[in-house]
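Heads up: the structure comes next, in structure tokens.
The values are calculated or read from the model by the stated rules, or taken from the named source; none is laboratory data. Nothing here was measured: the structure is a model prediction, and the numbers come from that model. Cβ coordinates were reconstructed from backbone atoms using ideal geometry, including for glycine residues, and neighbour counts include every protein chain displayed.
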Amino acid sequence: MLTRRAFAGAAAASAAGALARPSLAANPDVIIIGAGMAGIAAARAVMEAGRVPVLIEARGRIGGRTYTESHTFGFPHDHGAAWFEAVERNPLVPLARGLNFQLAPDPETVSVYIGGRPADAERYERIYRDAERRIDRAARNGGDVAVSVALQARDSLERLAFAQIGPLDAGVELHQLSALDYNRQADGGLLLPAAGMGAFVQSYGASLPVRLGVRAHRVDWSGPGVSVETSAGTLRAPAVIVTVPVGVLAAGDISFSPPLPADKQDAIAGLPMGSFNRIALRFERRVIDEKPFTALNALTRAGDAIYAMLRPFQREFAIVCVGGDHGRALEAKGPQAMIDFAIDALVEIYGGDLRRAVNGTHATRWGADVLTRGAYSAARPGHARKREALAAPLADRLFFAGEATDPKWAARVAGAWTSGQRAARESLAVLR
Ligand SMILES: Cc1cc2nc3c(=O)[nH]c(=O)nc-3n(C[C@H](O)[C@H](O)[C@H](O)COP(=O)(O)OP(=O)(O)OC[C@H]3O[C@@H](n4cnc5c(N)ncnc54)[C@H](O)[C@@H]3O)c2cc1C
């Protein structure tokens, strides 16, 4: 598989609000800020240990960067995460199966196009595999260097393959990406939950004590215990687990008293949010002459790299993914510009008939979402170890989770889950 990110989905998403939730404790043991997968995993672990968590979530739903909805296209559509990655080791795969989520296999067909013309897919795959080996060597020999030290494109096919590693996977350009961080990540096969990743996370997080629509503004950890000022009043507990995206921390949207120490602030600055968005197009009839689940890797005539998932689940549907500098600039132009770009990119390859057949569109804009401020974290060169620094607890009462804090599964739902479990264990260890 040539990139770790894509999407498709089927069947119905379960609505978080529709499920019964326990009442909220007046005196919780742990306050958890953010009900994405990290907060959900932390809350479950705290409850399993017989302790009482309270989850607060600024959105009107749980799931954070996983979100499946069916109203746009009439079938489940993921706005955020969609794939289970490195499925041979991914701890979420058995959990999803246990909740009866049907998982579709890794797409086997890869199409490669340069400037609207088919390119040599075998050479492309060799370039990609070789690139991974070169990053591995650079990380082992050179340490925490930029991926661009190992990869300098000599032609369009190399540019395209390298873009699938930088902008279209990590969400940043190669010179902004730590080779060591890239190399530490688990890699392997892919699986798509047919009902959607967001639906899986909603289902996994059902029945937790969560306050939706409540935003944390300030965390006072001067002690004893912690108090969290929110849009719905102040909560107090012996410990707090902060799971908001690193983009939210970097923007200073939550203030800390006393302020976070310099090494924590340095870690936040070393793990900026990359840009990655999905532009979805539905067609009224078959206009793309590819097999279902084809992974399209293409460089447009203008030189912009895209990844697209074509005809998932036999639907006349395409998800065009954009990322890195190009994706960020495109997102800033707004949803219509994103949709026009995606249609033009596919028209170059599959012809003008495709434009006339479009009968539904959607574009995500995770960079404009103030509760995320980007897609996921990417360690800058020289900053791979900042994930551990971000994860480190403070004063036995302030704990950190979220994908950015996980060295092995960063930028993925599995990293959110693993980190939530870790932070819950840390907090439980100090509760008496
Ligand atoms: C477009 C896209 C595609 C992706 N594709 C994949 C994929 O295919 N596979 C994969 O494994 N991963 C993928 N990811 C990454 C994955 O979605 C994330 O790594 C994971 O969901 C992060 O979970 P989290 O709990 O760490 O953070 P989040 O899910 O962001 O949860 C944090 C929560 O905190 C809340 N919050 C923020 N500020 C406050 C506040 N002040 N007060 C209260 N609450 C607040 C937010 O609303 C949010 O719900 C993708 C992400 C994006 C954006």
Check on PRO393, surrounded by fewer than 24 Cβ atoms within 10 Å (Cβ to Cβ), touching a Ser or Thr at 6+ places or on another chain (Cβ under 6 Å) and over 30 Å from PRO76 (Cβ atoms): no
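Checking the condition under 24 Å from GLU88 (Cα atoms) and in contact with a helix residue (DSSP H, G or I) (Cβ under 9 Å, 6 or more places away or on another chain), which residue from ALA423, ALA416, ALA375 passes?
ALA416
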Condition check for PRO238: over 18 Å from GLY64 (Cα atoms) and either outside the structural domain of ARG97 (by TED's automatic domain parsing) or surrounded by fewer than 17 Cβ atoms within 10 Å (Cβ to Cβ) (or both): no
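Within the stretch 264-281, can you find the residues that are of a type in the set (Val, Ile, Thr) and not in a helix (DSSP H, G or I)? Spell out the reasoning first.
The first filter runs over the stretch 264-281 and keeps only residues of a type in the set (Val, Ile, Thr), leaving 268, 279.
Listed by number, the list holds a single entry, ILE279.
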Candidate set from the stretch 51-69 (those that are in a strand (DSSP E or B) and near the ligand (Cβ under 8 Å from one of its atoms)); member that is nearest to GLY198 (Cα to Cα): GLU57
Entirely in the stretch 316-432, the helices (runs of 4 or more DSSP H) that have 2 or more residues that are closer than 24 Å to VAL30 by Cα and either within 14 Å of the ligand (Cβ to nearest atom) or within 18 Å of the chain's Cα centre (by Cα) (or both): 386-391, 413-430
Those residues of the stretch 136-152 which are surrounded by 13 or more Cβ atoms within 10 Å (Cβ to Cβ) and not charged (D, E, K, R), in sequence order: ALA138, ALA139, GLY142, GLY143, VAL145, ALA146, VAL147, SER148, VAL149, ALA150, LEU151
All positions within the stretch 13-42 that are at pLDDT 95 or above, away from the ligand (no atom under 11 Å from the Cβ) and among the aliphatic types (A, V, I, L, M): VAL30
Positions within the stretch 45-64 being surrounded by fewer than 24 Cβ atoms within 10 Å (Cβ to Cβ), touching a helix residue (DSSP H, G or I) at 6+ places or on another chain (Cβ under 8 Å) and not small (Gly, Ala, Ser), in sequence order: ARG51, VAL52, ARG61
In the stretch 71-98, residue surrounded by the fewest Cβ atoms within 10 Å (Cβ to Cβ) [restricted to those that are in contact with a Ser or Thr (Cβ under 9 Å, 6 or more places away or on another chain), under 26 Å from TYR182 (Cβ atoms) and not aliphatic (A, V, I, L, M)]: PRO91
Subset of the stretch 107-147 (residues that are farther than 24 Å from ALA86 by Cα, among the small types (Gly, Ala, Ser) and at pLDDT 95 or above): GLY115, GLY116, ALA119
